Every structure is written in C-alpha cells, then in structure tokens.
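Following: one structure in structure tokens, then a few remarks.
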Amino acid sequence: MRKLLWWLIAGSPGGPNRAKILMEIHNRPSNAHQLSERLNLNYKTVRHHLKILEDNGMIVSAGKKSGVKLFFLSDEMIKNYDIFDRINSEQNE
C-alpha cells in the first residue's frame, strides 16, 4: 500500500489533486460535483482522479442507480490513512 500511495500522491503530476480529494472524502463522503465545488477543481478533472483512485482501491462508490455516485474511502485506505498522511505531509514540506 505504501508504494502505491507514493506513486498516486508523490510520483505523478496529479498527486496533489488526488491528495486533496482523499482528504476531502476522509472528512465527508462526497460526489464528484461536491468535490469539484469544495476543492475549486474542474468537474472533469475530479472525475478523472476519482476513476484513478477507485481503480487503485483507494475509494469505493455507492448510489449509481440514482445517477449520482457517492464516494467513500475504502476499508484498506482507512486502515492505511496514517501512511497517506505522512506521504502527503512530506510532499507539502
């Protein structure tokens, strides 16, 4: 998990936006529109990063039937949130 988090957060150009999204979802499960507004990011950018995070098991979604997906941290991400927090802190120093 540590290596994957390093790659997703510190090893790629989109890492800072993915970190913001993870922190926001950690604080409050959200849909893409809510994340876009709260983080002041383009909706398509948020959707792109959500797909990457979901494909890599960092987040899970629910609610597709209503047309709006709500995103949550995955159980694995919750267990390893302290590792994410350390990596993200190191990136912001």
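Just so you know, all these numbers are worked out from the coordinates, no wet-lab data involved. Since the structure is predicted, the reported quantities are computational estimates derived from the model, not experimental observations. Every residue, glycine as well, gets a Cβ built from its backbone with ideal geometry; the counts of neighbours run over all protein chains shown.
List of remarks:
- The residues neighbouring Glu37, those whose beta-carbon lies less than 15 Å from its own, together hold a net charge of +4 under the Lys/Arg +1, Asp/Glu -1 convention.
- Computed over the chain, the Cα gyration tensor eigenvalues convert (square root of 5λ each) into semi-axes of 21, 15, 11 Å, ordered from largest to smallest.
- Protection proxy ranking of 39-48, 53-62 - average other beta-carbon atoms within 10 Å, highest first: 53-62, 39-48
- Within the same chain, lysines fewer than 8 places from Lys79 are excluded, and of the rest, those with a Cα less than 26 Å from its Cα are Lys3, Lys20, Lys51, Lys64, Lys69.
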